[in-house]
Amino acid sequence: MRLPETEILTARILIVDDQPANIALLEQLLADAGYTQIRSTTNPLEVCTLHRHHHYDLILLDLQMPGMDGFQVMEGLATNIDDDYLPVIVLTAQPGHKLHALQMGAKDFISKPFDLAEVRTRIRNMLEVRLLYRKLDEFNQSLERIVAERTAELRESEARYRSLTELAADWYWEQDETGHFTKVAGPVLDMLGIQVDSLAGTRSDATVSGWNPVERAYLLATIAAREPFLDFVLSRVNSDGSQQTYRVSGEPMFTQACRFIGYRGIGVEVPVMTSPPERRP
């Protein structure tokens, strides 16, 4: 990805050096290269405050300054600025200081006396990296916001779906991959005679008898094939001889990795139609 030239040339740059002659040289070099947002200071105590207010894309920082050296300035930038990227190129005539500066978070260094071609190249390269890093950070933040919004929308949609299914059916149910009920809404326990497994804490209908064997076998085969079913009729005869008929619908649930995790669906009890009593003449 290449940045537009105007974006690089309008980057905010701060020059920090106690020698006005060095500042004047760097300001002239940057202006000749087309940079337009340049500020400077000879007072290292101002750097942290200036950066907090202006969020510079690049700080050219001299290491040898009275009152507060460049290393102390970098410590202040690292602790006081809410930015995990320290946009600093150090200016030094001491080769032994370069490694220490890089270890403290500086991204590059420029040796004194200045090689003007080197200065231009290092500043431009640094700005490109800094601006691309900022764009990546902004993209990640935007992506996090989108994910959070989509997650909230999905949760709201799921809540509406469950609310509607509960209104449209006698019960809503979910089962795990082993067939145990993990969630039910409505009088499903009373209607189906489902019992609670005291050990696992889950619900199972394995102990309930009286189901129509043909219907039940077909339903179990459908579930084993991980297929959805709609308005499937399931009936049973209770121990007292009464009959119950249910109409159930369900769909398999999968993770994003396509692993089967169970079923969910709705059910209603179908009223048993009885013949009216015969009229006697």
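The values are calculated or read from the model by the stated rules, or taken from the named source; none is laboratory data. Worth saying up front: this structure is predicted, and the values here are computed from it rather than measured. Heads up, the Cβs are rebuilt from the backbone with ideal geometry, glycines too, and the neighbour counts pull from every protein chain shown.
Taken over segment 77-107, the residue count meeting the criterion of being at pLDDT 85 or above and at positive phi is 0.
Restricting attention to segment 32-54, the residues being surrounded by fewer than 15 Cβ atoms within 10 Å (Cβ to Cβ) and out of contact with any strand residue (DSSP E or B) (no Cβ under 7 Å at 6 or more places or on another chain) number 10.
Yes or no, residue by residue, for (1) more than 31 Å from the chain's Cα centre (by Cα); (2) closer than 13 Å to His51 by Cβ; (3) assigned by TED's automatic domain parsing to the domain that holds Thr36; (4) surrounded by 13 or more Cβ atoms within 10 Å (Cβ to Cβ):
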| site | (1), (2), (3), (4) |
| --- | --- |
| Ala106 | no, no, yes, yes |
| Pro113 | yes, no, yes, no |
| Arg120 | yes, no, yes, yes |
| Arg124 | yes, no, yes, yes |
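Annotation: Thr121 fulfils all but one of (1) at pLDDT 85 or above; (2) part of a strand (DSSP E or B); the unmet one is (2). In the condition set (1) aromatic (Phe, Trp, Tyr); (2) part of a strand (DSSP E or B); (3) free of Cβ contacts under 8 Å to residues at least 12 places away in the same chain, Phe109 is compliant with all but (3). Determine if segment 207-214 includes at least one residue that is under 25 Å from Phe260 (Cα atoms), assigned by TED's automatic domain parsing to the domain that holds Gly262 and at pLDDT below 80. Looking through segment 207-214, at least one residue is under 25 Å from Phe260 (Cα atoms), assigned by TED's automatic domain parsing to the domain that holds Gly262 and at pLDDT below 80.
Of the residues Arg130, Arg162, the single one that is modelled with pLDDT under 85 and either in the same structural domain as Arg216 (by TED's automatic domain parsing) or surrounded by 15 or more Cβ atoms within 10 Å (Cβ to Cβ) (or both) is Arg162. For segment 175-192, check the following and say yes or no: at least one residue is modelled with pLDDT of 75 or more and hydroxyl-bearing (Ser, Thr, Tyr). Within segment 175-192 (the criterion being modelled with pLDDT of 75 or more and hydroxyl-bearing (Ser, Thr, Tyr)), the answer is yes, since at least one residue qualifies. Taking first residues from segment 31-58 that are free of Cβ contacts under 8 Å to residues at least 60 places away in the same chain and under 19 Å from Leu131 (Cβ atoms) and partners that are of a type in the set (Asp, Glu) and in a loop (DSSP other than H, G, I, E, B), the Cβ contacts under 8 Å between residues at least 6 apart in sequence or on separate chains come to His55/Asp83. Per this entry, Glu5 is counted among residues that are more than 19 Å from Leu102 (Cβ to Cβ) and in contact with a Gly (Cβ under 9 Å, 6 or more places away or on another chain).
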